[in-house]
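Notes for the one structure printed next.
The values are calculated or read from the model by the stated rules, or taken from the named source; none is laboratory data. Note that the structure is a prediction, hence the values are computed from the model and not measured. A quick note on method: Cβ atoms are made from the backbone with ideal geometry, for glycine too, and the neighbour counts reach across all protein chains shown. When the accessible area is computed, the model is the full protein with side chains, heavy atoms only, and any ligands, DNA or RNA have been set aside. Shrake-Rupley method; radii C 1.70, N 1.55, O 1.52, S 1.80 Å.
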Amino acid sequence: MVSDLLEGLRRAVELIISGDLSVLDATLRSLYVSGMATLLAALLGLPLGMIMGSREFPGKSWLRGLFNALLGIPTVGLGLILYLILSRSGPLGALGLLYTPSAIIIGQALLVLPILVSFTANAVEGVERGIKDLSKTLGASEMQASLTVFKEALPGVFLAVIAGFNRALAELGVALMLGGNIAGLTRVLTTTIALETTRGNTELGIALTLILLSIVFVLNSAANLIKERLWS
Amino acid sequence: MSSLMSLHDLVKDYGEIRALDHVSLEVEEGETLAILGPNGAGKTTLLRIMAGIEEPTSGTVYYKGTKIGRRGLARLRMSCTMVFQRTVVFNTTVYNNIAYGLMIRGLPKNKIARRVDDALNLVKLKGYERRPAKRLSGGEQQRVALARAIVLEPELLLLDEPTANLDPETASIIEEAIRYMNRERGTTIIVATHNVFRMGEVAERAILLMNGRIVEEGLVSDILLRSSLAGFAVLDNVFVGWAEPTSSGTSTIDIGEGVKVEASSERRGRVTAVIPPVDIIVSKEPLESSARNVLKGRIIEVSEVGSTVKLKVEAGRVFTVQITKASLKEMNLNVGSDVYLTFKASSIRLL
């Protein structure tokens, strides 16, 4: 067992060093798909989180609770629901999105949206209450004052985006259900790991896991560094 | 002098609570006005309305003769600014904090740099430009807040308890900057404070606010005398007593309950004596010093105020003393501790 693992590691390093095409393909697609998903979710989630964190409106606490609950949604469950919606006989079947990268992007965007909304709302709420009044006494308009509040919340918002990207990159359920793991089209790191390992191709699985771990590690270290540089 | 701001019959309700109760006030251009009163009297609410960040429930604000409604608000906020009691700084450098309002006004970069530099000099924070504002001490942050306001060269500067909870050194830097703005730049200044005599030296005119109403209006010293019964229980160490001159050019003041203190000026008759809480030294044993006043008492209340601690000491009359948290800890003082209060004759101000 241990020797299997070591052998797997050795082969994995070889695969990575040799620049194996299937490894590169899955890696780049993972980055692209999860990056787009996070971007999409941010476009919707940041303004939503901003509003939820700074305004009072009826149903607000209910909505906050909903997004908080959705933080823990099982990826495969979300994948299944979206599969049913996007499959040929489903309500959006006509779009022909199932088993395309776009389907994964949409699915992952929905998956990480609650992270972006809840974290952003928290960050905005965490901004000192006096900031808005302060900006106004210094001459800021309502709009400029809101922008200042958002700027103050940026470290938290940044964290939200990173956390969202992490979740998208590391999830399996949505990518598997909506992408179908088609080689060269919808294969991403996680789906390849799952498939190759069940097919007995353990070395490739380990190689891809190593890559996935390195990406997550490098990304988070870089994010931490940037955060410290900019905001402390 | 002409009127800069005039308030007509302001009322402000927060739900059931009436924070301001029919307040009318004229503020003259170039004057320094103190708003006195205990905590919860409505001082902050009044300042916030004047700063244009709070709307009165009813009543009208005129600025330079123009009624301030939704429309005049932007112009009001451009000409007048406020420094809050609880210091808030933007999460960025000291420079960017101070430059904020100038950037909003779209000033060119070199002009901003020059004015920020001047403001930093005034509050004695030169060299702090690149420091993250959040990492500064409370006193330094308060100086940043003041610099951020005066850099705008406002017509009207509103200050909410600018020296409360600050060490005496920082407090005097801030007072000096305020005086400079008033004298050299002609800035009209309104200071809200519950500590009458710190600002008593800065301000000429004062109003006394109690429960949202103006109960006294006039010169600071007159207000202190006139309202000795009405309001001054709420101020620290204000005693009304009878002064008798001594042979050495000082006077002894009987402040009641058998307590006599010595003040450095020669007076006779009814006086109001004020002793700054920071000028009183607390010790467990009697001190050998040149200070003329030593009283023995017992601590009856300890309350934390920012980085300092307020002690109420029963020594015939109740005295308020302000010390640092560190000294409280070092001396291991508690409610019930017996202490000696020592202060110089020159620390007593007679009004």
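Modelled label positions at B:LYS126 and A:ALA94, each set 7 Å beyond Cα in the direction of Cβ, lie 7.5 nm from each other.
Rolling a 1.4 Å sphere over the protein heavy atoms, what is the accessible area per residue of region B:1-131, to the nearest Å²? Counting only protein heavy atoms, the per-residue value for region B:1-131 is 47 Å². Among A:GLY53, A:ALA42, A:PRO101, which residue has its Cα positioned farthest towards the positive end of the charge dipole of region A:1-104, with +1 placed on the Cβ of Lys and Arg, -1 on the Cβ of Asp and Glu, and the dipole taken about the Cα centre? Sorting the options by dipole projection puts first A:GLY53. Look at the dipole of region B:3-226 built from charges on Cβ: of B:GLY106, B:ALA145, B:LEU120, the Cα furthest out on the positive end belongs to B:GLY106. Suppose R0 equals 60 Å; then what is the FRET efficiency for B:VAL294 and A:TRP231 from their Cβ-Cβ distance, rounded to the nearest 0.05? The value I calculate is 0.70. The convex hull built on the alpha-carbon positions of the protein assembly as shown has an orientation-averaged projected area of 37.9 nm². Over region B:236-350, accessible surface divided per residue gives 51 Å², non-protein components excluded, 1.4 Å probe. On region B:3-226, 46 percent of the accessible area sits on carbon and sulfur atoms, based on a 1.4 Å probe.
Would you mind working out the magnitude of the charge dipole of region B:6-83 relative to its Cα centre, with +1 at each Lys and Arg C-beta and -1 at each Asp and Glu C-beta, to the nearest 20 Debye?
400
Ordered from longest to shortest, the equivalent ellipsoid semi-axes for region B:38-100 are 25, 18, 8 Å, each the square root of 5 times a Cα gyration tensor eigenvalue. Placing one equal scatterer on every Cα of chain B and applying the Debye formula, the log10 ratio I(q)/I(0) at q = 0.11 Å⁻¹ is -0.81. When the alpha carbon coordinates of region B:309-351 are projected onto the principal axes, the ranges are 34, 21, 14 Å, largest first.
Fully extending the segment from A:LEU28 to A:THR198, taken as 0.36 nm per residue of separation minus the present Cα-Cα distance, adds 59.0 nm.
Of the residues in region A:187-232, those shielded by at least 20 Å² of accessible area once partner protein chains are present, compared with the chain alone at a 1.4 Å probe, are A:TRP231, A:SER232. P(r) tail for region A:2-231, what percent of Cα pairs lie past 25 Å? Pairs farther apart than 25 Å: 50 percent.
Determine the share of region B:236-350's accessible area contributed by carbon and sulfur atoms, expressed in whole percent, with a 1.4 angstrom probe. Result for region B:236-350: 46 percent of the exposed heavy-atom area is carbon or sulfur. Taking Cα atoms only, the orientation of helix A:2-17 departs from the longest principal axis of chain A by about 70 degrees.
Above 25 Å, the calculated P(r) of region B:236-350 contains 21 percent of its Cα-Cα pairs.
Which entries in the list A:LYS136/B:LYS12; A:LYS60/A:LYS227; A:LYS227/B:LYS124; B:LYS284/B:LYS325; B:LYS260/B:LYS312; B:LYS43/B:LYS134 go over 22 Å, if you measure between the two C-alpha atoms of each?
In this structure, A:LYS60/A:LYS227; A:LYS227/B:LYS124; B:LYS43/B:LYS134 lie more than 22 Å apart at Cα.
Note on region B:3-226: antiparallel DSSP beta bridges, both residues inside, total approximately 55 percent of the bridges counted. Considering only alpha-carbon pairs that sit under 8 angstrom and 6 or more positions apart, the relative contact order computed for chain A is 31 percent. A simple count of charges around B:LEU102, restricted to other residues whose Cβ falls under 9 Å of its Cβ and scoring Lys, Arg +1 and Asp, Glu -1, yields +3. Against chain A, whose longest principal axis is taken from its Cα atoms, helix A:75-86 shows a tilt of about 90°. For region B:99-116, a drop of 20 Å² or more in accessible area on going from the chain alone to the assembled protein chains (1.4 Å probe) is found at B:TYR100, B:ILE104.
Mean partner shielding of peptide A:137-148, defined as the number of other chain Cβ atoms within 10 Å of each residue Cβ, is 6. From the largest down, region B:25-169 spans 45, 37, 27 angstrom on the principal axes of its Cα atoms. Quick check: Cα centre of region A:1-71 to Cα centre of region A:169-232, how many Å? If you average the Cα positions of each part, the centres end up 9 Å apart.
Of the residues in region B:138-159, those shielded by at least 30 Å² of accessible area once partner protein chains are present, compared with the chain alone at a 1.4 Å probe, are B:ARG148.
Averaging Cα coordinates gives a centre for region A:125-143 and one for region B:82-114; these two points are 13 Å apart. Placing +1 on the Cβ of every Lys and Arg and -1 on the Cβ of every Asp and Glu, with no other charges, gives the protein assembly as shown a dipole of roughly 980 debye about its Cα centre. For the chain pair B and A, the buried solvent-accessible surface (1.4 Å probe, both sides summed) amounts to about 1800 Å². Mean residue ellipticity at 222 nm, helices only, the protein assembly as shown: -15000 deg cm²/dmol; runs of at least 4 DSSP H residues each add -39,500 (n - 2.57), and the sum is divided by the number of residues. Across region B:3-226, the mean sequence separation of Cα contacts (distance under 8 Å, 6 or more residues apart), normalised by length, yields a relative contact order of 29 percent. Calculate the FRET efficiency for A:ILE81 and B:ARG185 from the Cβ-Cβ distance with a Förster distance of 51 Å, rounded to the nearest 0.05. So the FRET efficiency works out to roughly 0.20. Using +1 on the beta carbon of Lys and Arg, -1 on that of Asp and Glu, and nothing else charged, what's the dipole of region B:236-350 about the Cα centre, debye to 20? Result for region B:236-350 is approximately 160 debye, rounded to the nearest 20.
Positive end of the dipole of region B:236-350 (Cβ unit charges, origin at the Cα centre): among B:ALA326, B:ALA315, B:VAL261, the Cα lying farthest that way belongs to B:VAL261. Model label sites at A:VAL216 and B:GLU204, defined 7 Å from Cα along the beta-carbon direction, differ in position by 7.1 nm. Spacing of the modelled spin labels on B:ALA326 and B:THR57, each 7 Å from Cα toward Cβ, amounts to 4.7 nm. For region B:112-161, the Kirkwood radius over C-alpha pairs fed into Stokes-Einstein at 20 °C and 1.002 mPa s yields D = 189 µm² per second. Axis of helix B:168-185 versus longest Cα principal axis of chain B: the two differ by about 50°, to the nearest ten degrees. With all protein chains in place and a 1.4 Å probe, the accessible surface of region A:2-231 carries 70 percent carbon and sulfur.
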